[in-house]
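In what follows, a structure is listed as structure tokens, so that the remarks can point back to it.
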Amino acid sequence: MLEQPHFGQRLRALRVGRGLSQAALAGDAMSTGYLSRLESGARPPTAKSVDYLAERLDVPVSAFAREKGPVLGQVLAAVTSVADDGLDEVLADPLAEALRADGGQDPALRWQALWLLARMRGRQGRCAEEYQLTAELHRLADELGVVELRVRAYTQHSRCARSIGRIAEACEYAAGAVAAAAGLTLTDRAGALHALVSAEAEAGRLAEAEAHARELCALTGPVGGSTHTRALWAAATVGIRRGAYREAGNLLERALEGLDSHEDPGLWLRLRLAAASLLLQIVPPQTAKARAALEQIGPALELVGTEVRRQEALLLHAQLACAEGDLARARELCDQAEALELRLSFRDRIRLQALSGRLDVLAGRTTQGIQCLSDLARQAVEAHNVELAAETWRTLAEALAESREGQG
């Protein structure tokens, strides 16, 4: 026998999963009001209505029955009881399968599973999948009406949107998270502000990013720790893009000094990779310091580095080789990176290809290099990433100038 409220929950999940409105599913033989009451659990289903709805949904009547055991809950319990990020490759797929099979009976449980799976996909560098998961997360958070979940889902969705080059969307969701986070914990407010600073910087809205970075540093300063370290890192990034290299360097030094590798090894590794990247963006590039930063992370990369971090390090070594004038080594590292299944963010993918284009120009393949860099700059413009587009055009100009100097 089909009982409420399970029948209504299952009915709604099947309808939404097929992208149908209540009116489309009800058709001519059932009122939308009656269908709504069935979904809410206010009315018990009749045999006639069950047969009709099963036919409309093209499923057997058994599709409405309660499944044996809380499959998603069991898988989620098994996954969360293993505190090891290194097992993401093993644990993520069973969790994804359980989510696909889940009928949506418990939205809060589904939210928790989606959140965990999104983080796993992010660590794996599977950005497109992570983006789809966070999109469902923020829709589900809106449905649940829990402000903390909404803020966290919006924040994470902003970060994912930025990582795949959807900058306008990243700004929109980060701003929504900041607005909703008032009155919540410092962690939630800082996370939302950090996402907004990063999105605004990518969009070229540097004055706004700078103001929000100052707000973020002031908010996190009293508590210190990794939260403040992230804030200083964000402020340093904005400083680099504004051309305030001395200020950015000071902020970066403070961030590096404030984090112990034993406190948060993953963050320690990411911060040193970021430091090497920023040092190479300074004009002129601080190659000696960048090399020292990359040499320092070698052992940590072996111990706690993911495939994403290893690819980021490979890109930085290629950029460093180019900055030091070792073009053959830079080309070798670029080719090595491009042969991989890339898990880099949109920004780093553009930077890798831009470096390859720069090397083409310097090797005398000028037309090929110009075409490559021009195409990349247009991709950045289409993604509303003004800052990355400007960086790519600057790379082209510098490569052409270096090429002419070499010929002279």
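The values are calculated or read from the model by the stated rules, or taken from the named source; none is laboratory data. What you see is a predicted model, and the numbers here were worked out from it, not measured in a lab. All Cβ positions, even for glycine, are placed from backbone atoms using ideal geometry, and neighbour counts span all protein chains on display.
In the set (1) surrounded by 15 or more Cβ atoms within 10 Å (Cβ to Cβ); (2) under 26 Å from residue 141 (Cα atoms); (3) of a type outside the set (S, T, N, Q), the condition left unmet by residue 94 is number (1). Residue under question is residue 375, and the condition is that it be outside any loop (DSSP other than H, G, I, E, B), under 30 Å from residue 172 (Cβ atoms), acidic (Asp, Glu) and modelled with pLDDT of 95 or more; does it hold? Yes, satisfied.
Looking at 330, 290, 380, which is the one that is hydrophobic (A, V, I, L, M, F, W, C), under 30 Å from residue 263 (Cβ atoms) and buried (at least 21 other Cβ atoms within 10 Å of the Cβ)?
Working: 330 fails: under 30 Å from residue 263 (Cβ atoms); 380 fails: under 30 Å from residue 263 (Cβ atoms).
Among 330, 290, 380, only 290 is hydrophobic (A, V, I, L, M, F, W, C), under 30 Å from residue 263 (Cβ atoms) and buried (at least 21 other Cβ atoms within 10 Å of the Cβ).
The residues of segment 198-227 that are among the aliphatic types (A, V, I, L, M) and under 20 Å from residue 390 (Cβ atoms), listed by number, are 199, 201, 203, 206, 207, 209, 213. Would you confirm whether any residue within segment 109-130 is assigned to a helix (DSSP H, G or I), closer than 23 Å to residue 40 by Cβ and of a type in the set (Phe, Trp, Tyr)? Yes, there is a match, as at least one residue in segment 109-130 is assigned to a helix (DSSP H, G or I), closer than 23 Å to residue 40 by Cβ and of a type in the set (Phe, Trp, Tyr). Here residue 38 qualifies as farther than 20 Å from residue 101 by Cα, surrounded by 15 or more Cβ atoms within 10 Å (Cβ to Cβ) and out of contact with any strand residue (DSSP E or B) (no Cβ under 6 Å at 6 or more places or on another chain). Looking across segment 324-343, the residues that are within 13 Å of residue 363 (Cβ to Cβ) and either among the hydrophobic types (A, V, I, L, M, F, W, C) or touching an Asp or Glu at 6+ places or on another chain (Cβ under 6 Å) (or both) come down to 327, 328, 330, 334.
Being free of Cβ contacts under 8 Å to residues at least 24 places away in the same chain and among the aliphatic types (A, V, I, L, M) is true for just one of 252, 232, 256. Which residue is that? Step through it out loud before you land on a result.
On the way: 252 fails: free of Cβ contacts under 8 Å to residues at least 24 places away in the same chain; 232 fails: free of Cβ contacts under 8 Å to residues at least 24 places away in the same chain.
Answer to the selection: 256.
Within segment 41-65, the set of residues being among the hydroxyl-bearing types (Ser, Thr, Tyr) and loosely packed, with under 14 Cβ neighbours inside 10 Å comprises 46, 62. Filtered by the rule that a residue be surrounded by fewer than 18 Cβ atoms within 10 Å (Cβ to Cβ) and closer than 19 Å to residue 175 by Cα, segment 218-227 gives 218, 219.
Mind telling me which of the residues 246, 242, 230 ends up being crowded, with 17+ Cβ neighbours inside 10 Å and either within 26 Å of residue 284 (Cβ to Cβ) or not hydroxyl-bearing (Ser, Thr, Tyr) (or both)?
Working: 246 fails: crowded, with 17+ Cβ neighbours inside 10 Å; 242 fails: crowded, with 17+ Cβ neighbours inside 10 Å.
The unique qualifying residue is 230.
Scanning segment 29-62 for residues that are part of a helix (DSSP H, G or I) and either at pLDDT below 85 or polar (S, T, N, Q) (or both) gives 32, 36, 40, 49, 62.
Among residues of segment 298-316 that are without any contact (Cβ under 8 Å) to a residue 40 or more places away in the chain, those with a Cβ under 7 angstrom from a residue that is assigned to a helix (DSSP H, G or I) and of a type in the set (S, T, N, Q), sequence gap 6+ or separate chain, pair up as 314/336. Take the residues in segment 10-34 that are within 22 Å of residue 139 (Cα to Cα) and hydrophobic (A, V, I, L, M, F, W, C), then tell me which one is surrounded by the most Cβ atoms within 10 Å (Cβ to Cβ). Filtering segment 10-34 for residues that are within 22 Å of residue 139 (Cα to Cα) and hydrophobic (A, V, I, L, M, F, W, C), the one surrounded by the most Cβ atoms within 10 Å (Cβ to Cβ) comes out as 11. Scoring residue 90 on the criteria (1) modelled with pLDDT under 85; (2) assigned to a helix (DSSP H, G or I); (3) closer than 24 Å to residue 65 by Cα leaves a single failure, condition (3). Here 333, 314, 303, 320 are screened, and the one residue that is touching a His at 6+ places or on another chain (Cβ under 7 Å) and outside the structural domain of residue 120 (by TED's automatic domain parsing) is 333. Checked against (1) surrounded by 16 or more Cβ atoms within 10 Å (Cβ to Cβ); (2) assigned to a loop (DSSP other than H, G, I, E, B), residue 277 passes all but a single condition, namely (2). For residue 238, state whether it is outside the structural domain of residue 125 (by TED's automatic domain parsing), not charged (D, E, K, R) and not in a helix (DSSP H, G or I). When the stated conditions are applied, residue 238 does not pass them.
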